Amino acid sequence: MLSNPLWRHVLRRLQERVRSGREEEETATCKLLKKVPIFQELSGRELHEIEEMLYGPRDWQAREAIINQGDPGMGLYIVVSGQVRIAQVGDDGLEKQLATLTRGDFFGEQALVDQSLRPASAYAVQPCSLLVFCRPDLLEIIESNIPLALKIVEGLARAISADVLELMEKLSMQLRDPERLLKGARRAGSIQ
């Protein structure tokens, strides 16, 4: 039956309709990806391509470690549901909470750039579900689809730049507060 040119044509047209319908249909995952600055500039078709590469969603229980400070970075995590706490243990051995993330938030974007060690830990505050976009997948896109790779890398640069600007703002505010600076120096043992 498939050797008949008419049936091959009919089958090909049906496959094209299914494919184009899928591209036009916006899935919940694609809607979530649009909230992530790294993927905001992508078309519907490009979002579907990323969606097919994602790992998960993977579930974590409350108080379970998602990543540990000092682990090698492997990818970007996107919160689908629940809450994630980002915390860092300082030189003084005390843990400091850096952020609480919810649906649509993301962390670990630096791992897409390099494989440096994680600067902080991430824990599930409550049961949560996450998607993961891994560095090898980005490298595959770079090799196979340069226009898509450029959009992702530009989005990644914007996200990392925003993080750096936020950090600079926090440091600037701390430096403007001499009392706080003095307390911090005393805690560190620099001043008696």
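Every number in this text was worked out from the coordinates using simple rules, so none of it is lab data. Keep in mind that what you see is a predicted model, and the values were worked out from it rather than measured. Cβ placement follows ideal geometry from the backbone for every residue including glycine, while neighbour counts extend to all protein chains displayed.
Label sites at ASN68 and SER129, each approximated as a point 7 angstrom past Cα along Cα to Cβ, lie 2.8 nm apart.
Per the Kirkwood formula applied to alpha carbons, segment 25-171 shows a radius of gyration over Rh ratio, Rg over Rh, of 0.96. Taking each residue as 0.36 nm, the span from SER81 to LYS96 lengthens on full extension beyond its C-alpha to C-alpha distance by 3.1 nm.
Let me check I've understood the local charge: for SER121, count other residues with C-beta under 10 angstrom from its C-beta, Lys and Arg +1, Asp and Glu -1. What total comes out?
Result for the local shell: 0.
Full extension of the segment from ASN145 to LEU165, taken as 0.36 nm per residue of separation minus the current Cα-Cα distance, would add 4.2 nm. Between segment 24-90 and segment 140-165, what is the separation of their alpha carbon centroids in Å? So the separation of the two Cα centres works out to 15 Å. Sort all Cα-Cα distances of segment 77-158 into consecutive 10 angstrom bins from zero, then give the percent of pairs in each bin up to the one containing the longest distance. Per 10 Å bin, starting at zero, the Cα-Cα P(r) for segment 77-158 comes out as 17, 40, 31, 11, 1 percent.
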